[in-house]
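What follows is a single structure, written as structure tokens, with notes after it.
The values are calculated or read from the model by the stated rules, or taken from the named source; none is laboratory data. These numbers come from a predicted model, not from an experiment. A quick note on method: Cβ atoms are made from the backbone with ideal geometry, for glycine too, and the neighbour counts reach across all protein chains shown.
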Amino acid sequence: MTVAVQTGTWQLDPAASTVGLRHKTMWGLVTVKGTFTAASGGGEVHADGSATGTVTLEAASLDTRHAKRDTHLRSADFFDADNHPEITFAVRGADRLDGDGVRVTGQLTVRGVSRPVTFTAHLSEAGADALTLDAEFSVDRDQFGMGWNQLGMMRGLTTVTAKLRFTRARA
């Protein structure tokens with residue numbers, strides 16, 4: 001069953017949303033997980049059911065629960081948060097698929113480098129005043145200038161997970 005999403009302007013609810021990442025390190029033996037604690041964004045659902053918008057993360061807000069590692073991730077080896085404080089995903093299109101699926105296409109910008117990204121999200125909740133999207137996709141950090149890899153410890157793709165709750169913006 002496809003649930004209708006109301007047209008109009010929607011605002012990200014940062015308190016009810018999470019964006020995280022995970023990456024295997026130590027030659028695949030350890031999975032590092034982190035969560036961005038500062039996110040903002042919003043979008044517009046159009047009459048044809050498509051959507052556009054932006055989600056912005058503060059690069060320095062990544063928390064892996066390990067202070068020394070977090071400092072390194074904020075450095076020029078990785079996110080270079082001093083020079084590139086924001087990570088953005090600009091949604092160019094979000095189109096409903098069968099059931100709860102939503103095909104999302106957009107531009108991910110990390111460290112000032114933009115790359116196209118397409119993935120399928122799932123609409124886990126849709127009501128008149130709130131909707132929640134769940135998504136998971138992989139990115140190649142090398143494509144964003146984050147090639148630091150001491151002793152070849154960090155191979156493979158980084159997985160991004162998101163649970164984004166949007167509320168209807170009041171006029």
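Where residues in region 41-79 are within 17 Å of Val102 (Cβ to Cβ), more than 17 Å from the chain's Cα centre (by Cα) and among the small types (Gly, Ala, Ser), which of them is modelled with the lowest pLDDT? Explain how you work it out, then say what you get.
Going through region 41-79, the residues within 17 Å of Val102 (Cβ to Cβ) turn out to be 41-55.
From the residues that got through so far, the ones that are more than 17 Å from the chain's Cα centre (by Cα) too are 44-50.
Then keep just the ones that are among the small types (Gly, Ala, Ser); that gives 47, 49-50.
Values: Ala47: 88, Gly49: 80, Ser50: 86.
Only one residue fits best here, namely Gly49.
Return yes or no: is Ala4 among the aliphatic types (A, V, I, L, M), in contact (Cβ under 8 Å) with a residue 40 or more places away in the chain and not in a strand (DSSP E or B)? Don't jump to the end; show me each part of the working.
Details: among the aliphatic types (A, V, I, L, M): yes; in contact (Cβ under 8 Å) with a residue 40 or more places away in the chain: yes; not in a strand (DSSP E or B): yes.
Criteria met by Ala4.
Of the residues in region 32-64, how many are more than 26 Å from Asp82 (Cα to Cα) and either touching a strand residue (DSSP E or B) at 6+ places or on another chain (Cβ under 7 Å) or assigned to a helix (DSSP H, G or I) (or both)?
Here is the first cut: in region 32-64, the residues more than 26 Å from Asp82 (Cα to Cα) are 43-52.
Imposing the further condition that a residue be either touching a strand residue (DSSP E or B) at 6+ places or on another chain (Cβ under 7 Å) or assigned to a helix (DSSP H, G or I) (or both) reduces the set to 43-45, 49-52.
Qualifying residue count for the region: 7.
Right, Arg141: crowded, with 18+ Cβ neighbours inside 10 Å, of a type in the set (D, E, K, R) and closer than 20 Å to Lys24 by Cβ or not?
Values: crowded, with 18+ Cβ neighbours inside 10 Å: yes; of a type in the set (D, E, K, R): yes; closer than 20 Å to Lys24 by Cβ: yes.
Considered against the rule, which asks whether it is crowded, with 18+ Cβ neighbours inside 10 Å, of a type in the set (D, E, K, R) and closer than 20 Å to Lys24 by Cβ, Arg141 comes out as yes.
Write out, first by first residue and then by second, each pair whose Cβ atoms fall under 7 Å of each other, whose residues are 6+ apart or on separate chains, and whose first residue, in region 63-87, is closer than 19 Å to Asp142 by Cα while the second is exposed (fewer than 14 other Cβ atoms within 10 Å of the Cβ).
His84/Gly112
Select from region 121-171 the residues that are part of a strand (DSSP E or B) and modelled with pLDDT under 90 and list them in ascending order. Step through it out loud before you land on a result.
So in region 121-171, the residues part of a strand (DSSP E or B) come out as 121-126, 130-139, 158-168.
Result: Glu125, Ala126, Thr158.
I'd like the full set of residues that are surrounded by 14 or more Cβ atoms within 10 Å (Cβ to Cβ) and outside any strand (DSSP E or B), limited to region 94-120.
Answer for region 94-120, where residues must be surrounded by 14 or more Cβ atoms within 10 Å (Cβ to Cβ) and outside any strand (DSSP E or B): Asp100, Arg111.
Condition test on Phe79, is it surrounded by 14 or more Cβ atoms within 10 Å (Cβ to Cβ) and out of contact with any helix residue (DSSP H, G or I) (no Cβ under 6 Å at 6 or more places or on another chain)?
No, not satisfied.
Here's the yes/no breakdown for (1) of a type in the set (Val, Ile, Thr); (2) out of contact with any helix residue (DSSP H, G or I) (no Cβ under 9 Å at 6 or more places or on another chain):
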| site | (1), (2) |
| --- | --- |
| Lys24 | no, yes |
| Asp48 | no, yes |
| Arg74 | no, no |
| Pro85 | no, no |
| Ala94 | no, yes |
| Asp98 | no, yes |
| Thr105 | yes, yes |
| Val110 | yes, no |
